1. I'm trying to understand the selection: among the residues of region 61-113, which are outside any strand (DSSP E or B) and of a type in the set (Asp, Glu)?
2. Only one of SER81, SER21 is modelled with pLDDT of 90 or more and not acidic (Asp, Glu). Can you tell me which?
3. Of the conditions (1) buried (at least 20 other Cβ atoms within 10 Å of the Cβ); (2) touching a helix residue (DSSP H, G or I) at 6+ places or on another chain (Cβ under 8 Å), PHE164 satisfies every one except a single condition; which number is it?
4. Checking the condition over 15 Å from the mean Cα position of the chain (by Cα) and either acidic (Asp, Glu) or open to solvent by less than 30 Å² (accessible area, probe 1.4 Å) (or both), which residue from GLU85, GLU99, GLU107 passes?
5. Which of the residues belonging to region 177-197 are hydrophobic (A, V, I, L, M, F, W, C), touching a Gly at 6+ places or on another chain (Cβ under 9 Å), farther than 24 Å from SER110 by Cα and not in a strand (DSSP E or B)?
Amino acid sequence: MHETPKQIVINIPVRRKGSMSRRLPAALLLVMASVTPASAADIREPTHGVTLTYQDGLWSAAIEDQNIHLTCKSDICGGASGECETMLAMTRPGLTSREFFNVYQQEFTSGLVDELDKLGVDPVVIDPPTTFWEGGAVVSLSSIRYDESGTPTRTWAAAQEAPFGVLTLTCYADEAKYDTAHTAWLALINNITIPKR
């Protein structure tokens, strides 16, 4: 028996500058070529051993509350407004990780819209959750535009199934930087390694 989506509680990371906490093919070649030298670094979260490989010329990385937090250092990934964070969601009792992922990909975006709505920032779903094959895994991608103190801002989320449940990478940047930044964000999801059980 499957749980209904209303029975799943998902903590949504919401990020806003200043007052809000963070608890919210050709283009790819351009991103890779823009970092000179292109040196890669790895960061590993301690709970489940998820490792993220990133370009240290683009990002600075740290572990915050068991999550990997990345801050952008270049216009390529969103400039001063660009940041990304991983979040691990554990499978609920009675659900397989696949069943949980199928519910989660819809509920995460809905929950994020609800949280942004409570803040009065006028969220609009631009890209509803859609499943793609990325980096050898099924990934759900979505994005939401909202107003952050008069600045149009985009949040982008990529979720993928994991042995423990679901891993989500959520990224933020000013809307004006989104077209370039989301390519750099997609490169991150393609460089996440989730250990097998």
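1. Initially, region 61-113 is screened for residues outside any strand (DSSP E or B), giving 65-66, 73-82, 91-113.
Of everything in region 61-113, those that are outside any strand (DSSP E or B) and of a type in the set (Asp, Glu) turn out to be ASP65, ASP75, GLU99, GLU107.
2. Values: SER21 fails: modelled with pLDDT of 90 or more.
Being modelled with pLDDT of 90 or more and not acidic (Asp, Glu) holds for just one of SER81, SER21, which is SER81.
3. Among (1) buried (at least 20 other Cβ atoms within 10 Å of the Cβ); (2) touching a helix residue (DSSP H, G or I) at 6+ places or on another chain (Cβ under 8 Å), the lone unmet condition for PHE164 is (1).
4. Working: GLU85 fails: over 15 Å from the mean Cα position of the chain (by Cα); GLU107 fails: over 15 Å from the mean Cα position of the chain (by Cα).
So the residue among GLU85, GLU99, GLU107 that is over 15 Å from the mean Cα position of the chain (by Cα) and either acidic (Asp, Glu) or open to solvent by less than 30 Å² (accessible area, probe 1.4 Å) (or both) is GLU99.
5. Matches in region 177-197: ALA184, ILE194.
The values are calculated or read from the model by the stated rules, or taken from the named source; none is laboratory data. Since the model is a prediction, treat every value here as computed from it, not as a measurement. Note that we place each Cβ from the backbone using ideal geometry, even for glycine, and neighbour counts take in every protein chain shown. Ligands, DNA and RNA are stripped out before the accessible areas are found, and what is left, the full protein with its side chains, is counted by its heavy atoms. Shrake-Rupley method; radii C 1.70, N 1.55, O 1.52, S 1.80 Å.
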